[in-house]
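Please read the structure below before turning to the comments.
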Amino acid sequence: MRPIKLPEPPSVSVGMPEIFGGGAYSVVRRAVVIGNGFAGAENQSVGLVRALGLSDRQSLYRVIRPRGGINELLRWLPVSLHKRFDYVIQRIFGDSHFSVVFRGRKLVPFTSLNGWKTGLSSIVEADAKQIATMARETFEKEGPLLVVASGRDTITIASSIRRLAPHNVFVVQIQHPRMQLDRFDLVVTPQHDFYSLTPSGQQEIPQYLKRWITPREPPSRNVGLTVGALHQADSVALRVAAARWHDELAPLPKPLLVVNIGGPTCHVKYGTDLAKELAEKLQNVLASCGSVRISFSRRTPLKVSNLISKEIGHHPKVYIWNGKEPNPHMGHLAWADAFIVTADSISMLSEACSTGKPVYVIGSERCKWKFSAFHKVLRERGVVREFTGKEDISDSWSYPPLNDTVEAASRVREALAERGWTLRHQ
């Protein structure tokens, strides 16, 4: 008798029922983003979810920290302790004694991050127990839950969700959590976060600070390294932005130079001195520009933006965005022929360097520690050049664009596969 050969189970492919791929329990169809209210962090999480094809099934939860007045000096406290401290202050003094609002980073509206609509319909304060319970109770019907968090304030919430529902969630923490990386399924962080372990870092960091600088160990198996920050500026988003901003930006004389100005940080200190330098160098390259569009960030000091506006804002080729919606940021990325970016903003540099267009940096000599390592990598890869004021902006040059978000998404897929899970098919 001839042996009967049973048919092989169908391979998992587009259009094939999910039961053949391990059942509905193994397919990730939804995502939760844990945000902290700041564009630099939330943009990375939303960008990763977008790259994974789950942007239409994402929910945003936020870790909400007291803000304004004395609260700006208490950001080093854990969120839970900070809330208790704020409660005591309010009960004793009320609002009047601490009503001064510090200038600085502001909460971003959930409908838009850097000019890109997120598709998030509502925001709820993050509660680890609530999210973990939801993941467990809906697991049989909806499958695993992808949790993506970014920023220091989200670490406790994200790790608690994994601890409470380890078999129902896959937790990705963006930016280095500094300790106990095994609390997460995957950590996605820039390679310069490990600068303290390099020979240059060991030499540059003072001995008395080394015991306080983290991380202290090299990347573990559940760490995915990037060059810069993740973001939403993929090819689809740029095509949409190009169409949306066509009527305003397409008619502008070419080449279009976009200037993105951030603000000083502990790693990149500057003030009106750099603003004056930038204004003088911009004056020198105006002849080779068709148009110049300048944008300031939420971190830009008023004295810097005022000086730039005074020195160069009157020139007929120059337009300075007034900070009101709609934000032209994505349109600028799509239509610019070249960029100038201040050295302090890893996010703005990462987005600009993903376009393949010329990117000039000003202020990189002021960077220290891990920021200097980041700029060194960009220069070595040929994706940026120092802005000298002697450039001919009409002379274009190119490079292999940074592709961190796509590469991070690939790393997430690999980690899910190791667990026997997969993402839904597009």
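The values are calculated or read from the model by the stated rules, or taken from the named source; none is laboratory data. The model shown is predicted, which means the values in this text are computed figures rather than measured ones. Reconstructed Cβ throughout: ideal geometry from the backbone, glycine too, with neighbour counts over all protein chains shown. These accessible areas exclude ligands, DNA and RNA; they are computed on the full protein's heavy atoms, side chains included. Shrake-Rupley method; radii C 1.70, N 1.55, O 1.52, S 1.80 Å.
Descriptive notes on the structure:
- As a length-normalised measure over Cα pairs under 8 Å and 6 or more apart, the relative contact order of the stretch 160-287 settles at 18 percent.
- Charge dipole (Cα centre; +1 on Lys/Arg Cβ, -1 on Asp/Glu Cβ; no other charges) of the stretch 205-276 amounts to roughly 380 debye.
- Whole-Å distance, taken between Cα centres, linking the stretch 223-261 and the stretch 151-170: 33 Å
- Prolate/oblate/rounded call for the stretch 195-311, Cα gyration tensor, a/c under 1.5 rounded: oblate
- Heavy-atom accessible area per residue - the stretch 187-259, 1.4 Å, Å²: 54 Å²
- One way to sum up the overall shape of the stretch 316-385 is the equivalent ellipsoid from its Cα gyration tensor, whose semi-axes run 23, 14, 11 Å, largest first.
- Karplus-derived 3J(HN,Hα), 6.51/-1.76/1.60, for each residue of the stretch 377-390, Hz, glycine and proline x: 5, 4, 5, 5, 7, x, 8, 9, 9, 6, 7, 10, x, 9
- Dipole axis of the stretch 212-290 (+1 Lys, Arg; -1 Asp, Glu on Cβ), positive-most option in VAL258, LEU286, LEU230: LEU230
- Unsatisfied cross-links (Cα-Cα over 24 Å) in the set LYS324/LYS368; LYS269/LYS376; LYS276/LYS317: LYS324/LYS368
- Rel. contact order, % - alpha carbon contacts under 8 angstrom, at least six apart, the stretch 346-426: 35 percent
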